[in-house]
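Enquirer: Below you'll find the structure I mean.
The values are calculated or read from the model by the stated rules, or taken from the named source; none is laboratory data. The shown structure was predicted, so the numbers you read here are calculated from the model rather than taken from an experiment. When we count neighbours, we look across all protein chains shown, and the Cβ atoms used for this are built from the backbone with ideal geometry, even at glycine.
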Amino acid sequence: MKTNVKARNLELSERLRATIERKLRRLDRIAHPDAEASVELIAHASRASESSHVAEVTLLNDGTLLRSVSSGPTAVAAIDMVLDKLERRVVRSKKRPRSVRERVAGEPDEVATREATGTLAPATDGDGRAAISRVKRFDMMPMFEEDAIARMEELGHAFYFFLNAESAELCVLYRRANGSYGLIEPVVERRRVRL
């Protein structure tokens, strides 16, 4: 695995670099042979001693971008924690279908069969109106479009809802069929209402 190591507020000694590269070899058995890892260590990232060092690892594994961040009292402890996370994510990404189309490939046939047999009924409330089955609430932290793309890829989603730091608007970022990204920005026309 090709490895690139950078450090901020920390002197990157050859001993520390060798330790990081040795620990990254854990991923060799589950990652693609041509995988590339980029490691960034940040010292004094927090005043709390238990999280004063941060390790960020970005792994390009067979076309899939995986990124994990973890903190610890030392650089080596932070690397150990981030590699535990990243190892689980690599295994999960191998098991999960690579695209949204692959994930839902059999779903239309299943829905058509259930509809034909009469076992598919839309969820409704007592009045016969469509019912919402689940509500999710998130704290919206402002972020730039590039950060939203990285977060969407990190989560493995086909779209990502975020608060745009530049426009202070809620936007939806989505992956297009050709592999590029699209952005939906709201336009609210304000009309004066006369009473």
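Enquirer: Give just the number: which of (1) charged (D, E, K, R); (2) more than 30 Å from V69 (Cβ to Cβ); (3) at pLDDT 85 or above does E115 not satisfy?
Expert: With (1) charged (D, E, K, R); (2) more than 30 Å from V69 (Cβ to Cβ); (3) at pLDDT 85 or above applied to E115, the lone miss is (3).
Enquirer: Do the conditions hold for S52, that is, is it assigned by TED's automatic domain parsing to the domain that holds R89, polar (S, T, N, Q), surrounded by fewer than 16 Cβ atoms within 10 Å (Cβ to Cβ) and closer than 16 Å to I79 by Cα?
Expert: Answer is no for this residue.
Enquirer: Counting just the residues of segment 140-160 that are aromatic (F, W, Y) and in contact with a helix residue (DSSP H, G or I) (Cβ under 9 Å, 6 or more places away or on another chain), which one comes out modelled with the highest pLDDT? Can you show your working first?
Expert: Let us first name the residues in segment 140-160 that are aromatic (F, W, Y), namely 144, 159-160.
Within this subset, residues satisfying the condition of being in contact with a helix residue (DSSP H, G or I) (Cβ under 9 Å, 6 or more places away or on another chain) are 159-160.
Details: F159: 89, Y160: 92.
Result: Y160.
Enquirer: Among the residues of segment 38-48, is there at least one that is among the small types (G, A, S), at pLDDT 90 or above, within 19 Å of L155 (Cα to Cα) and in a strand (DSSP E or B)? Walk me through how you get there before you give the answer.
Expert: Going through segment 38-48, the residues among the small types (G, A, S) turn out to be 38, 43, 45-46, 48.
Filter once more, so that each one left must be at pLDDT 90 or above: 38.
Checking the rest, the ones that are also within 19 Å of L155 (Cα to Cα) come to 38.
Now restrict to residues that are in a strand (DSSP E or B): 38.
So far as segment 38-48 goes, yes, one or more of its residues are among the small types (G, A, S), at pLDDT 90 or above, within 19 Å of L155 (Cα to Cα) and in a strand (DSSP E or B).
Enquirer: Run down V69, V76, V54 and say which single residue is under 17 Å from the mean Cα position of the chain (by Cα) and either in a helix (DSSP H, G or I) or of a type in the set (A, V, I, L, M, F, W, C) (or both). If you could, list the steps in order and put the result at the bottom.
Expert: Details: V76 fails: under 17 Å from the mean Cα position of the chain (by Cα); V54 fails: under 17 Å from the mean Cα position of the chain (by Cα).
The match here is V69.
Enquirer: I want to confirm something. Restricting to segment 129-168 and keeping residues that are of a type in the set (S, T, N, Q) and outside any strand (DSSP E or B), which single residue is surrounded by the fewest Cβ atoms within 10 Å (Cβ to Cβ)?
Expert: S133
Enquirer: Restricting attention to segment 49-105, and to residues there that are small (G, A, S) and under 20 Å from R25 (Cβ atoms), which single residue is modelled with the lowest pLDDT?
Expert: Per the stated criteria, the residue is S93.
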